[in-house]
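Q: Have a look at the structure that comes next, please.
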Amino acid sequence: MITEPTILLVEPTHYDVSYSINPWMDPLRWAADPHGMHRGALRAFAELRDALQAAGFGLEIVAGEPGLPDMVFPANAAVVLDGRALLARFRYPQRQGEEAPFARIFAELRERGLLDDVATLANGCYQEGAGDCIWDAVRGHFWAGFGPRSARCAADAVGAYFGREVVALELATAQSYHLDVCFCPLAGGEILYYPPAFTEAALRELHARLPASQRIEASADDLRHFSVNAVNLHDRIVMARTTPRLRDALGKRGYRVHEVDLAPFMLSGGGAYCMTLRLDRSTSMRQGSGMAGDEAAGGQPAVAAA
Ligand code: ARG
């Protein structure tokens, strides 16, 4: 397995917005200027790639496939932990065609020694990868979103495969159709989240596990900017262009935010996190978060990770 912070990206050569399976997707706007939009997507992808590299990630960049535009969102392709990958089962036919090419991509990663094991879920148990199942390196468990895309049963399947606790949170709105749209654990232990995206039961569960000091509430405007859909490594955060309020709030907590213009991908309902998949997530990662204040926390290296 790979231990350095490493991200899988899928080239946007075949990216477009030609159907709509979430309320952000706007095929008509894409169709008004497909060439301009495509050029914009290539530019945005290059900018994201450079920002991730600058933040300290190694990159594995693979090709997408014609007719499968949403392959550019590999967060949905699998859940990965400790060198083991559990491949996704997509809810909508428009994305189910991605399962075969992603299975080939992951088989190749295993052959190259970047992964040790690749498994598949039972048919019919929808689970849309790390977009709906987010590893919390500080608390040592998964948070799983269910409802619009992934099924409740998937949380148990993920728990059984990885042998780790999975805390399931029901998503209440079509707008936050994946957990990663409205929920982002950060290296310092805070969680950036949008409360109205969750059912009351999910919020109770979340608040029971999260002291108020670690809650960073996103606004509706932050959500629209895809600011919660962020990639974090130590004190670095890569996200789409955000709001002054959130930029400021994260800065005050010691995070350095690198903003990228991801408009062509937001037109498909995706931001920075969706376009990435961490291949190195590990239960044994017990390194300092790199956040200011680590040392002050009792002289111990903070129990936090990438
Ligand atoms: N158009 C894609 C879909 O609706 C966007 C996926 C974004 N991925 C994510 N993890 N939120 O499936």
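The values are calculated or read from the model by the stated rules, or taken from the named source; none is laboratory data. Everything quoted here is computed from the prediction, not taken from an experiment. Here the Cβ positions follow ideal geometry from the backbone for every residue, glycine too, while neighbour counts run over all protein chains shown. Just so you know, the surface numbers come from the protein's heavy atoms only, side chains and all, with ligands and any DNA or RNA stripped out. Shrake-Rupley method; radii C 1.70, N 1.55, O 1.52, S 1.80 Å.
Q: Report the charge-dipole magnitude of segment 98-138 in Debye, nearest 20, computed about the Cα centre from +1 at each Lys and Arg Cβ and -1 at each Asp and Glu Cβ.
A: With Lys and Arg at +1 and Asp and Glu at -1, about 140 debye.
Q: Would you mind telling me which residue in Pro211, Pro27, Pro196 has the biggest mean-square fluctuation in a Gaussian network model of the chain, where springs connect alpha carbons within a distance under 10 angstrom?
A: Pro211
Q: Can I ask one more? Tell me, what is the per residue accessible area of the chain in Å², probe radius 1.4 Å?
A: Counting only protein heavy atoms, the per-residue value for the chain is 39 Å².
Q: Sticking with this structure for a sec: Taking segment 1-90 on its own, what percent of its Cα-Cα pair distances exceed 18 Å?
A: Numbers: 2124 of 4005 pairs.
Of the Cα pairs, 53 percent sit more than 18 Å apart.
Q: Hey, could you pull the Cα Rg and Dmax for the chain, both in Å?
A: In Å, with Rg to one decimal and Dmax whole: 17.9, 58.
Q: Taking the alpha-carbon set of segment 52-106, what are its Rg and Dmax in Å?
A: When restricted to the Cα atoms of segment 52-106, Rg and Dmax are 12.2, 36 Å.
Q: If you don't mind, there's one more thing I want to ask. Suppose R0 equals 41 Å; then what is the FRET efficiency for Arg112 and Lys252 from their Cβ-Cβ distance, rounded to the nearest 0.05?
A: 0.50
Q: Hey, could you get me the Stokes-Einstein D for segment 151-290, Kirkwood radius over alpha-carbon pairs, 37 °C and 0.692 mPa s, rounded to whole µm² s⁻¹?
A: 207 µm²/s
Q: May I pose another question? Antiparallel as a % of all DSSP beta bridges within the chain, to the nearest 5?
A: 45 percent
Q: Now for a different question. Using only the Cα atoms of segment 70-215, what semi-axes does the equivalent ellipsoid have when each is the square root of 5 times a gyration tensor eigenvalue? Give whole Å, largest first.
A: Here the semi-axes work out to 25, 17, 13 Å.
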